[in-house]
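Visitor: Structure provided below as structure tokens; questions to follow.
Nothing in this text is a laboratory measurement; each read-out follows from the coordinates by a stated rule. Computed from a predicted model, the values in this text were never measured in an experiment. For neighbour counting, all protein chains shown are included, and Cβ atoms are generated from backbone atoms with ideal geometry for every residue, glycine included.
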């Protein structure tokens with residue numbers, strides 16, 4: 001009997017969630033790897049779970065297998081992100097990705113979006129700070145490639161280096177930065193919003 005579309009999607013989501021948590025993969029690559037691991041063909045892509053469905057599975061996996069370690073690792077990453085956001089405050093930094101959404105472990109990178117009047121100004125700031133960085137590119141909010149500056153930042157709490165990716169966006173893109181996802185949750189937040197999350201975590205911790 002051929003499994004229903006929904007059951008295939010659920011199986012893909014569960015497999016992808018394990019890859020996200022155990023290997024630190026981003027959602028897109030995790031879904032594609034899950035297809036291969038399950039022996040599904042490209043024709044099965046119609047059954048790929050949404051990012052929201054995958055995030056639900058990631059949260060379930062974390063609660064089941066990482067409840068004793070993930071909260072502290074997430075806090076360490078958020079505190080590191082806050083330090084860099086403060087250093088780069090002039091570029092209106094916003095945190096996004098797993099560290100913002102609360103699903104990150106020590107395997108995840110930190111993703112910051114900088115909204116600059118001049119795309120080269122952030123590079124100049126890093127040079128003035130004597131910070132080494134590598135330049136890459138990702139697809140931006142308008143479909144065009146945008147520069148990504150990647151740095152290896154020491155994280156004392158984790159006793160290792162953490163990669164911080166700085167996506168360089170136009171100042172005009174800031175208007176749509178705080179849009180909500182399909183479930184009414186913010187996809188990114190500024191330093192004040194991040195500090196609020198850190199304060200809430202502190203209150204909830206035993």
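Visitor: Need one number: nm distance between label points at residue 10 and residue 109, each 7 Å from Cα along Cα→Cβ, rounded to one decimal.
Guide: Output for this residue pair reads 3.4 nm.
Visitor: Does the stretch 124-206 come out rounded, prolate or oblate, given a ≥ b ≥ c as the square roots of the eigenvalues of its C-alpha gyration tensor, rounded meaning a/c under 1.5 and, failing that, prolate meaning a/b above b/c?
Guide: Oblate, since a/c reaches 1.5 and b/c is not below a/b.
Visitor: For the chain, what is the percent of antiparallel DSSP beta bridges, rounded to the nearest 5? Intermediate values should be presented prior to the final figure.
Guide: Working: 20 of 27 bridges.
Taking every DSSP beta bridge with both residues in the chain, the antiparallel ones total about 75 percent.
Visitor: Suppose the chain between residue 119 and residue 90 were pulled fully straight at 0.36 nm per residue; how much longer would it get relative to their current alpha carbon spacing?
Guide: On the way: separation 29, 0.36 × 29 = 10.44 nm, distance 1.28 nm.
Extending this stretch completely gives an extra 9.2 nm.
Visitor: Please give the direction-averaged projected area of the C-alpha convex hull for the stretch 5-65, in square nanometres with one decimal.
Guide: Details: hull surface 14.6 nm².
Averaged projected hull area, Cα only: 3.7 nm².
Visitor: How big is the C-alpha Rg of the chain next to the rule-of-thumb value 2.2 N^0.38 Å, as a ratio? Mind dumping the intermediate values first?
Guide: Values: Rg = 18.0 Å, N = 206, 2.2 N^0.38 = 16.7 Å.
Its radius of gyration relative to the 2.2 N^0.38 Å reference: 1.08.
Visitor: Something else now. Pull out the extension gain between residue 65 and residue 145, defined as 0.36 nm times the separation in residues minus the alpha carbon to alpha carbon distance; nm, one decimal.
Guide: Fully extending the segment from residue 65 to residue 145 adds 25.1 nm.
Visitor: Sticking with this structure for a sec: Once the principal axes of the Cα atoms of the stretch 37-105 are found, what is the range along each, listed largest first in whole angstroms?
Guide: 46, 32, 17
Visitor: Could you give the length gained by full extension between residue 170 and residue 26, i.e. 0.36 nm per residue of separation minus their alpha carbon distance, to one decimal place? Please report the intermediate quantities before stating the final value.
Guide: Details: separation 144, 0.36 × 144 = 51.84 nm, distance 2.39 nm.
That pair, residue 170 and residue 26, stretches by 49.4 nm at full extension.
Visitor: At R0 = 45 Å, how high is the FRET efficiency between residue 130 and residue 187 if r is their beta carbon distance? Nearest 0.05 is fine.
Guide: Rounded to the nearest 0.05, the efficiency is 0.90.
Visitor: May I ask you to derive the relative contact order of the stretch 70-204, considering only C-alpha pairs under 8 Å and at least 6 residues apart, and to give it as an integer percent?
Guide: The normalised contact order for the stretch 70-204 reaches 28 percent.
Visitor: Helix 51-65 versus the longest principal axis of the chain: what is the Cα-based angle in degrees, 0 to 90, to the nearest 10?
Guide: Tilt of helix 51-65: around 90 degrees.
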